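Step one of this worksheet: look at the structure below.
The values are calculated or read from the model by the stated rules, or taken from the named source; none is laboratory data. Quantities reported herein were computed from a predicted structural model and do not represent experimental measurements. Cβ placement follows ideal geometry from the backbone for every residue including glycine, while neighbour counts extend to all protein chains displayed.
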Amino acid sequence: MKLLEGKYYLFKVLKIVEIPEEGDFYLLKHKSGRRLLLPVSMYANYPIIPNSTIECRVDKVNCTGKVFLEPKHPHYSEGKFYDFIVKNTVKNDCDIENSITVTDVFNNEIRIEWPIAKKLPKVNTTVRLKVERVKKGIPVLVIETSKHANGIAENFLDEIFSFNVSKVLSKGKEQYFLLVENKHEQKAYLKAKHYKHYNIKLNSNILCK
């Protein structure tokens, strides 16, 4: 039976086997008779025991036909929102992007990029994040979007606003104009190379939609 990427299948946990120089693995069996291995170390906090049945997503099938499985997380469901505790925050000196590190239910640390226009949360507070998927037992998180995510209501997204060109920032080989909205003082960015013919100057005001 061919197992398809992205699909979920039930597997019976036969036992734990040790593979020299690789570690311990759960030996799983599909109803078709196909047997697959799942690393124990990645899922030590999961309630996986011999003779139990678990549901796994086929995460990947490589070019040689090897199947990589991702068991359903015991606490998080993909596509749903959960509260995570903020462990630390990092404010980027270039002022282009920040990041935060949160902990999940098993105390795994997860770093995500945080929009510069969104206020950094305080350490030990909670943030609501979406579990996009789970990879190797770790949730892949994305920031919840809302009408006010950028400080300007969704109803005004087609309106024209005045921005002050505050400064030019560099990130790698790219340069950005840092714009500050004159009324709400929200920040936005323009990649300089896309607007080199616009004659944009520092400390000038420009209108943007």
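Hey, any hits in the range 198-207 for a residue that's under 21 Å from N98 (Cβ atoms) and assigned to a loop (DSSP other than H, G, I, E, B)? No: zero hits. Number of residues in the range 35-64 that are modelled with pLDDT of 95 or more, touching a Leu at 6+ places or on another chain (Cβ under 9 Å) and farther than 19 Å from P139 by Cβ equals 6. Out of all the residues in the range 16-30, which are surrounded by fewer than 11 Cβ atoms within 10 Å (Cβ to Cβ) and on the phi < 0 side of the Ramachandran plot? Residues satisfying the conditions are E18, I19, P20, E22.
Just wondering, is there one or more residues in the range 4-25 that are assigned to a loop (DSSP other than H, G, I, E, B), of a type in the set (F, W, Y) and in contact (Cβ under 8 Å) with a residue 60 or more places away in the chain?
Step one: of the range 4-25, the residues assigned to a loop (DSSP other than H, G, I, E, B) are 4-7, 20-22.
With of a type in the set (F, W, Y) added as a condition, the list becomes none.
Checking the range 4-25: not a single residue is assigned to a loop (DSSP other than H, G, I, E, B), of a type in the set (F, W, Y) and in contact (Cβ under 8 Å) with a residue 60 or more places away in the chain.
Checking each residue in the range 40-67 for being part of a strand (DSSP E or B) and surrounded by fewer than 17 Cβ atoms within 10 Å (Cβ to Cβ) picks out T53, E55, D59, K60, V61.
Taking residues in the range 107-122 that are outside any loop (DSSP other than H, G, I, E, B), and partners anywhere that are among the small types (G, A, S) and modelled with pLDDT of 85 or more, the pairs with Cβ atoms closer than 6 Å and at least 6 places apart or on different chains are R111/S99; E113/S99; W114/S99.
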